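Colleague: Input: one structure, supplied below.
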Amino acid sequence: MTKGNIASGKTTCLEYFSKTSDIEVLTEPVSKWRNVQGCNPLGLMYQDPSRWGLTLQTYVQLTMLDRHVLPMSTPVRMMERSIYSAKYIFAENLYKSGKMPEVDFAVLSEWFEWIIKNIAIPVDLIVYLQTSPQTCYERLKQRCREEEKVIPLEYLESIHNLYEDWLIHHKSFEVPAPVLVIPADHDLKKMLHQYEENREKILMAHC
Ligand SMILES: Nc1ncnc2c1ncn2[C@@H]1O[C@H](COP(=O)(O)OP(=O)(O)O)[C@@H](O)[C@H]1O
Ligand SMILES: Nc1ccn([C@H]2C[C@H](O)[C@@H](COP(=O)(O)O)O2)c(=O)n1
């Protein structure tokens, strides 16, 4: 699984590895989060997180689970984020910042606990693209996704801190697999070089 802050470069990383045969790449289903039967839960969540946070996160949980249980068609699968980061990072952030009501968080949490207890979600390796929030802020502005124009730097700092507490400091939640940290503030050329350096570790993680 590839993890990292918003606009840290996850999709770019996965696009690079998708050129390798025998690797299946599953990017996040962001287009679904922007359009479910004509509605845009991602946009609604950024406009009014207290009202729409649960709606988005419930749908994220469903669409990520759908990806997790897809039968493997190649020896290696790389997936962008997971049901774990949806809960431990994004839902947690909404709740901790007072933007998700307690009852919404409780319902989402019970759903999540039921899923991880009853459905196998095997993970071999977590590839963590470690960036500074400032780098993500610049890349976010450059990408210019309409819904994300309201995101302040502080939001990316909160998401960053939750990732670091979880994957680096082991201070929050159980980590479901070993973590490979790739420093990701560098330009694209250096990033591609680092991906090559780590190729074996990533591709052999399931062995
Ligand atoms: N190493 C890099 N240096 C500069 N820009 C980058 C780099 N990696 C990705 N980008 C750009 O930053 C933006 C966000 O990257 P993306 O891969 O979509 O991130 P994510 O999938 O993590 O949200 C895109 O416009 C992408 O072209
Ligand atoms: N559980 C989640 C997962 C993602 N998001 C948001 C964050 C971004 O605006 C967008 C896609 O993320 P990216 O791939 O660009 O890092 O979806 C969320 O709110 N909750």
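Colleague: Could you tell me whether segment 67-87 includes any residue that is away from ligand 1 (no atom under 16 Å from the Cβ), surrounded by fewer than 19 Cβ atoms within 10 Å (Cβ to Cβ) and free of Cβ contacts under 8 Å to residues at least 40 places away in the same chain?
Modeller: Taking every residue of segment 67-87 in turn, at least one turns out to be away from ligand 1 (no atom under 16 Å from the Cβ), surrounded by fewer than 19 Cβ atoms within 10 Å (Cβ to Cβ) and free of Cβ contacts under 8 Å to residues at least 40 places away in the same chain.
Colleague: Okay, next question. Inspect segment 175-190 for any residue being in contact (Cβ under 8 Å) with a residue 24 or more places away in the chain, among the basic types (K, R) and not in a loop (DSSP other than H, G, I, E, B) and give the result as yes or no.
Modeller: no
Colleague: Then there's this: Given the criterion surrounded by 15 or more Cβ atoms within 10 Å (Cβ to Cβ) and under 29 Å from M72 (Cβ atoms), identify the matching residue among I126, I119.
Modeller: Testing whether each residue is surrounded by 15 or more Cβ atoms within 10 Å (Cβ to Cβ) and under 29 Å from M72 (Cβ atoms) leaves just I126.
Colleague: Please go through segment 150-207 and give me each residue that is within 16 Å of L125 (Cα to Cα) and among the small types (G, A, S), ordered by number.
Modeller: Listed by number, the residues that qualify are A177, A205.
Colleague: Quick check on segment 11-32: of everything there that is within 13 Å of the chain's Cα centre (by Cα) and more than 12 Å from ligand 1 (Cβ to nearest atom), which residue is farthest from L129 (Cα to Cα)?
Modeller: Per the criteria, the residue is P29.
Colleague: List, please: which pairs have Cβ atoms under 6 Å, are six or more places apart or on different chains, and start with a residue in segment 1-27 that is in contact (Cβ under 8 Å) with a residue 24 or more places away in the chain and end with one that is of a type in the set (D, E) and within 7 Å of ligand 1 (Cβ to nearest atom)?
Modeller: T2/E80; K10/E80; L14/E80; T27/E80
Colleague: Need the failing condition index for L44 against (1) in contact with a helix residue (DSSP H, G or I) (Cβ under 7 Å, 6 or more places away or on another chain); (2) buried (at least 17 other Cβ atoms within 10 Å of the Cβ); (3) at pLDDT 95 or above, just the number.
Modeller: Against the list (1) in contact with a helix residue (DSSP H, G or I) (Cβ under 7 Å, 6 or more places away or on another chain); (2) buried (at least 17 other Cβ atoms within 10 Å of the Cβ); (3) at pLDDT 95 or above, L44 comes up short only on (2).
Colleague: Every residue in segment 128-145 that is hydroxyl-bearing (S, T, Y), more than 9 Å from ligand 1 (Cβ to nearest atom) and in a helix (DSSP H, G or I), please.
Modeller: Of everything in segment 128-145, just one residue is hydroxyl-bearing (S, T, Y), more than 9 Å from ligand 1 (Cβ to nearest atom) and in a helix (DSSP H, G or I), namely Y137.
Colleague: Going by the structure shown, is G53 surrounded by fewer than 16 Cβ atoms within 10 Å (Cβ to Cβ), more than 25 Å from A184 (Cβ to Cβ) and either free of Cβ contacts under 8 Å to residues at least 24 places away in the same chain or of a type outside the set (V, I, T) (or both)?
Modeller: In short, no.
The values are calculated or read from the model by the stated rules, or taken from the named source; none is laboratory data. Quick caveat, the model's predicted, so the values are computed rather than measured. So basically every Cβ, Gly included, is an ideal-geometry build from the backbone, and we count neighbours across all protein chains shown.
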